[in-house]
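Read through the structure below, which is laid out as structure tokens, and then see the notes.
The values are calculated or read from the model by the stated rules, or taken from the named source; none is laboratory data. Given the structure is predicted, the values throughout are model-derived calculations rather than measurements. Ideal geometry is used to build each Cβ from the backbone, glycine not excepted, and the neighbour counts take in all protein chains shown. Side chains included, ligands, DNA and RNA excluded: accessible areas come from the protein's heavy atoms. Shrake-Rupley method; radii C 1.70, N 1.55, O 1.52, S 1.80 Å.
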Amino acid sequence: QLQLVESGGGLVQPGGSLRLSCVASGRTFSSSAMGWFRQGPEKEREFVAAISWSKRTLYSDSVKGRFAISRDNTKNTVYLQMDSLQVEDTAIYYCAARGEGFHTSPSLYEDWGQGTQVTVSS
């Protein structure tokens, strides 16, 4: 099992940028697929981005070209760089881990962080 702690959320104006971090501890981070998900007010939790142990990446259509996921296995950390933020990106962002290959379904991820709030507003 991995323990995950997110940070980096906050309030930003439309068009701005934020970088989220997720630090992992526990079983081997480097062999886990990592994902970012988000849940807006009165919405279902949705897939944002994922990265495999080999650093292959996958993005939702809504963030492709604006967000970038990366990982540093020496620091047991996964990042989500968010640029050109829009009001619609407002949500709680969660980091998640999976022992097998990455996937877009949140139900297939085993470990979750507590979330970090991102608010995009003028």
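Miscellaneous remarks
- Screening the candidates 43, 64 for the property of being charged (D, E, K, R), surrounded by fewer than 17 Cβ atoms within 10 Å (Cβ to Cβ) and either modelled with pLDDT under 95 or within 11 Å of the chain's Cα centre (by Cα) (or both) yields one hit, 43.
- Only residues that are in contact with an Asp or Glu (Cβ under 9 Å, 6 or more places away or on another chain) and part of a loop (DSSP other than H, G, I, E, B) were counted across the range 1-13, and they come to 1.
- Residue count for the range 1-38, restricted to those that are free of Cβ contacts under 8 Å to residues at least 12 places away in the same chain and open to solvent by less than 60 Å² (accessible area, probe 1.4 Å): 0
- Within the range 67-91, tally of residues that are under 12 Å from residue 13 (Cα atoms) and either surrounded by 17 or more Cβ atoms within 10 Å (Cβ to Cβ) or of a type outside the set (Asp, Glu) (or both): 6
- Residue 24 meets each of the listed conditions (1) touching a helix residue (DSSP H, G or I) at 6+ places or on another chain (Cβ under 7 Å); (2) among the hydrophobic types (A, V, I, L, M, F, W, C); (3) over 17 Å from residue 107 (Cβ atoms) apart from (1).
- Selection status of residue 30, at pLDDT below 95, outside any loop (DSSP other than H, G, I, E, B) and over 20 Å from residue 122 (Cα atoms): no
- Any hit, the range 72-86, residues being among the β-branched types (Val, Ile, Thr), modelled with pLDDT of 95 or more and in contact with a helix residue (DSSP H, G or I) (Cβ under 8 Å, 6 or more places away or on another chain): no
- Search result, residues across the range 83-102 that are in contact with a Ser or Thr (Cβ under 6 Å, 6 or more places away or on another chain) and assigned to a strand (DSSP E or B): 93, 97
- Selection within the range 92-114 - open to solvent by 10 Å² or more (accessible area, probe 1.4 Å), in contact with a Gly (Cβ under 9 Å, 6 or more places away or on another chain) and aromatic (Phe, Trp, Tyr): 94, 102, 109
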